[in-house]
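The values are calculated or read from the model by the stated rules, or taken from the named source; none is laboratory data. Quick caveat, the model's predicted, so the values are computed rather than measured. We place every Cβ from the backbone using ideal geometry, glycine too, and count neighbours over all the protein chains shown. Accessible surface areas use protein heavy atoms only, side chains included; no ligands, DNA or RNA. Shrake-Rupley method; radii C 1.70, N 1.55, O 1.52, S 1.80 Å.
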Amino acid sequence: MCAFFASIRLSRRTLTRVPWLCLACWIAWTQALAAESVWPAEAERLAALEQRRERVIDEAIARIDPQDPSKGSLFDIAATVSRGENLDWARQRIRALNDPPSGAMFWMHPMVLAMYAGRDSWNEDDWAYFRELWRTYFPYRGDTENHWLMYYASLYLVCEMFPEAGGEAWYNGKSSVENMEEARDYLRDWVRVTTSYGQGEFDSPNYIEEYVRPLSLLAGWAQDPEVRQIGRMMLDYILFDFAVEDLNGLYGGAHSRIYPRYTLEPALTPAASHAWLLFGQGEYQSTAGCLMLALSGYTPPAILDRIARDRETPYVQRELKRTRWRLRHMGPETFEIDGRVTAPVYKYSYVHPDFVLGCCQGGTLQPIQQQTWSLIWREDRPRGISNTMFAVQPHASPEEGTRFFVTDWDTVTDLIARSKVDYTAPDKLEGGSPYEQIFQHEGTLIALYDIPEDSRFPHIHTFFSEDLTARTEAPSGWIFAQGGPIYLAYRPFAPGEWRPVDWTGLLHGGAGGWVSSNFAELAGKSELYHSEARQNGYVLQVASQRDFASFAQFQKAVEALPLKFSLQGTPSVRFTTLDGTQLTATYGQPPEVNGAPVDYADWPLFDGPFGHAERGSEHLEMRYDEARYQLDFTDLTRSSSTPSQQ
Amino acid sequence: MKRLAPYWIIALLTACPAAYAAEPPTPELFAAMIMTKQQQASAVPTSSGVLWRAPKGAWSRLGPEIQLVSSATVDPHDPAHIFLACGNGIVRSRDGGETWRMVTGWREADVLQIVVDPQSRENVYAATAWGVLVSHDGGESWRDASEGLPAERLAKGIAIDPRNPARLLLATTTGLFESTNCGAVWRRVDGFPEVAALRICQSETDLDRWLVGTEGRGVWRSRDNGHTWSPCAPALAQANVYAVAVAPHDADLLAAGGWTTGVWFSRDGGDKWQPAATALPSANITAMTFDPVHRHRLWASTFEEGTFYTEDFGATWHSAHLDGAYVFDLGFLDLKR
């Protein structure tokens, strides 16, 4: 090393800096060491994970009253029979729950779980009873991606339990061999489509659980090595998708599906419960997905743990997803996969140590429950806090409904609203709009709207949490606020008014069952900024408080930024961000960053500092420092360049 | 006016002599439906599947209780051979409904209507939300047969030309399509608008006459076996017509109904139309069929407000119950019971 240094010809000026360079190197070295020490030893991580698993199972069992067979879920039964406890109760309860069976794939997967978890506990009568259920109850396969995954994962596993059974043993008249072949073929295809074109029901803080559950079943109990590997690798894949937009356990960015109460408190979501179990983030809460993960024994690779928790440096995360399969009214940019039509979804998230701001491009990309953009900010203990912001152009139409569902034009919106009760509400908190165009550069988000006169709800509203403090409407037109460790500035292009969340009272009144439970408490004093201008838009500028000496300085800096917009004719905007980037957007045209159109054509499946996947690749590389973790779905292999850390 | 015997009788006599040697099947009214009226805060209807109606009026289940069954079909060559068009795919019984088997795999879904070739029981066709399925082994195996259809290929209905069973007409959400080679290739039917065709039916007594209900463009008819088409029923010209029917004994007696329209009748083959003299509890009509046994009897289902029949062109209606149901299809199956 000395010879190396000696061979370098250094200028006098450089030489004077050598002591400082040495000091800097030493600081960097010690910081690197310190950073390594942030991560627990692998044995420690695994021990802590095991403790959390046990707690999940313990608490499920603790909910059981062995004297009361009128209460308890199939999941509770699975938990207790996995330990051979409360068997009399379990026998009574499982019969009560199946009188008669219902719920289709939501029945199938916990039934399979209970059967496997209690494999050594159930007696001959129990098995005969289960076999009769599977012979006579004909579950619906459903109409969404998560439904099909739950259906086929469950069907595969239950048939694998009785591999010799003929068609007379099963509700659908097919033998175990036939059912397993069909299920395996579907699972392979789902993997291929997901890892080539993106998930259709992507990045949902709610529905991630509906993927984790069946994949946990496969990972935990499939005997076939290929099917078991599908479960493990797709859990890695789905959880990576979450981990790169995970802020202290909360799922940031745009979401394909979310329920209204969860838009208000991100810490309530199943995603947050999974982050607690798998990565030790946030607080414990009971979910079926957690229980299934715990019982399955699935262990995320160490690199995933680090990706989920390391928020030292801000980064941009780009992801390509796709819309749900479209049946009618296809819209722009559609393409076919094996005879089914879909369209690309371009996700962009800015993941900062203090916040995650993320969006997709707008449009009706998913039916009913889309969250086109969202902001969440860091809270150390986020339960009970509405640490989020988002906006909605409420849209409900037969065109949207029939785009995704087979149902008739005149009944589709009504039938959607039977279960998603706020679908036709003017004050709903989720849903895509065909009249919305969103675009983002790091901590700056721009939205433009061109709403036709005959639109059902010709307005937009932006959610302002009661947990934002110092909300200020400046004479400049900017609305400023502080949330946790961030400042935000929101500039509406057209005037609006403040309204309470759920101003129609639909969810406050309890409509929708569990969807609206404790909604009044969750909504609290949060408000919507409601604007009825049909040509409309806004800029949202988010920054960390650590970058400004004061709130006042932030406001001053934002107000000095060049902003020009027009709502005459086609809405357009030109804005220069806090970091000097010039953003330009005109409704209906590709947005520009510093004069260059955003290149959607080359949008990768995953791209960010923690991983990369190309379109069509069936491959994902996770990255953390020098570590590499490869998922190759073409041959279902996992490999690591630093095996000792995995 | 040409009057031919119903094609299923011809087929039965020519193709399946054993069938008429046994006790003849009796046509039974069926309803493919979901019970939605009581469905609140739930994505799951309170009941669903196919029901058939006994002569005394009681409804019984035909086949398993599956959430989304759009239609049912009986093989005209063998009344014990029943197909259900399901969200899950195609479910078939070969023993008159004693046992059932899914005969499709994961790639087949959202099946909306099934027809069996009246001359060859081997050929079975299915309209689905994703195009057309064809079986050439009596429904044992299926493959996609959507060549020539556009990317949007949601097929609501399918019909076979009984005089030339290689010819099929397909009602899709982008218009009407025709195949003349057993579904191998489809081409758009010229002269029919590029709108959603929701329901297609053919007269059994005059095989040149066809009737189609559309989304937003009312009722269309053909009098030359589906080669040329023209709108009829001007009062329904902008309606979403979910149900059309031609009386099996009388090619001039037609009925149509859709959303907010109530039931309309024509007694002259579609030249003039009149609304039913008495309104049903709901004007939203989802399914209709004429009765093959009781001349002039029309059955009609409303959205969630019950199913009814009339024998006097709507002057009086008799309840057939199914209150709360959303009936997708109403028809007669030649069940052997």
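Here are some notes:
- Span from the the stretch A:552-605 Cα centroid across to the the stretch B:112-127 one, whole angstrom: 57 Å
- Within the same chain, lysines fewer than 8 places from B:Lys37 are excluded, and of the rest, those with a Cα less than 21 Å from its Cα are A:Lys420.
- Area of A:Ile238 that stays accessible when all protein chains are in place (1.4 Å probe, Å², to 10): 10 Å²
- Residues listed by number, the stretch A:88-127, amide nitrogen under 15 Å from A:Ser70 label point at 7 Å toward C-beta: A:93, A:96-97
- Relative contact order of the stretch B:7-335, pairs being alpha-carbon contacts under 8 Å that are 6 or more residues apart, as %: 13 percent
- Threshold 30 Å², the stretch A:388-409 residues less accessible with all protein chains present than alone (1.4 Å probe): A:Val406, A:Asp408, A:Trp409
- Normalised by the number of residues in the stretch A:304-608, the mean separation of alpha-carbon contacts (under 8 Å, six or more apart) gives a relative contact order of 17 percent.
- These residues, A:Lys420, A:Lys321, go from largest to smallest accessible area, 1.4 Å probe, as A:Lys420, A:Lys321.
- Partner shielding of B:98-105 amounts to 5, given as the average count of beta-carbon atoms from other chains within 10 Å of each residue beta-carbon.
- Accessible area per residue for the stretch A:44-300, computed on protein heavy atoms with a 1.4 Å probe, is 29 Å².
- Nearby aspartates and glutamates by direct alpha-carbon distance to A:Lys428 (threshold 18 angstrom, same-chain neighbours under 8 apart not counted): A:Glu265, A:Glu400, A:Asp414, A:Glu436, A:Glu466, A:Glu497, A:Asp502, A:Glu521, A:Glu527, A:Glu532
- Minimum 20 Å² accessible area buried by the other protein chains, the stretch B:237-268 residues, probe 1.4 Å, relative to alone: B:Asn240, B:Tyr242, B:Trp259
- Delta accessible area of at least 50 Å² on complex formation, residues of the stretch A:131-163, 1.4 Å probe, chain isolated as reference: A:Phe138, A:Tyr140, A:Arg141
- Peptide-level mean, for B:110-117, of C-beta atoms on other protein chains within 10 Å: 1
- You can think of it this way: the chain between A:Glu473 and A:Arg228 has 82.6 nm of extra reach, that is 0.36 nm per residue less the Cα-Cα gap.
- Element breakdown for the stretch B:7-335 at a 1.4 angstrom probe: carbon and sulfur atoms account for 51% of the accessible area.
- Counting only protein heavy atoms and a 1.4 Å probe, the stretch B:247-308 has 35 square angstrom of accessible area per residue.
- With R₀ set to 60 Å, the beta-carbon distance separating A:Lys525 from B:Arg61 gives a calculated FRET efficiency near 0.70.
- To the nearest 10, the accessible area of B:Ser319 is 60 Å² with a 1.4 Å probe.
- With protein chains left intact and a 1.4 Å probe, residues in the stretch B:134-208 average 32 Å² of accessible area per residue.
- For chain B, a Gaussian network of Cα nodes joined below 10 Å ranks B:Ala315, B:Ala279, B:Ala325 by mean-square fluctuation, and the top entry is B:Ala315.
- Heavy-atom SASA rank of A:Glu283, A:Glu164 (probe 1.4 Å, accessible area, largest first): A:Glu164, A:Glu283
- Label-to-label distance for A:Arg119 and A:Tyr315 is 3.8 nm, based on points extended 7 Å past Cα in the beta-carbon direction.
- Between A and B, accessible area buried - total, square angstrom, nearest 100, 1.4 angstrom probe: 3500 Å²
- For the stretch A:225-268 and the stretch A:458-482, distance of Cα centres in Å: 29 Å
- Placing unit charges on the Cβ atoms of the charged side chains and taking the dipole of the stretch A:304-608 about its Cα centre, the candidate lying farthest along the positive direction among A:Ala543, A:Trp478, A:Ser374 is A:Ala543.
- Shielding by partners, peptide A:318-331 (average Cβ within 10 angstrom, other chains): 2
- Accessible area per residue was computed with a 1.4 Å probe on protein heavy atoms; A:Tyr348 scores about 30 Å².
- Normalised by the number of residues in the stretch B:46-193, the mean separation of alpha-carbon contacts (under 8 Å, six or more apart) gives a relative contact order of 13 percent.
- Taking the accessible area of chain A, probe 1.4 Å, and keeping the other protein chains in place, the carbon and sulfur fraction comes to 50%.
- What separates the Cα centres of the stretch A:153-202 and the stretch A:486-515 is a distance of 43 Å.
- Those lysines that a straight Cα-Cα span of less than 16 Å connects to A:Lys347, excepting residues fewer than 8 apart in one chain: A:Lys321
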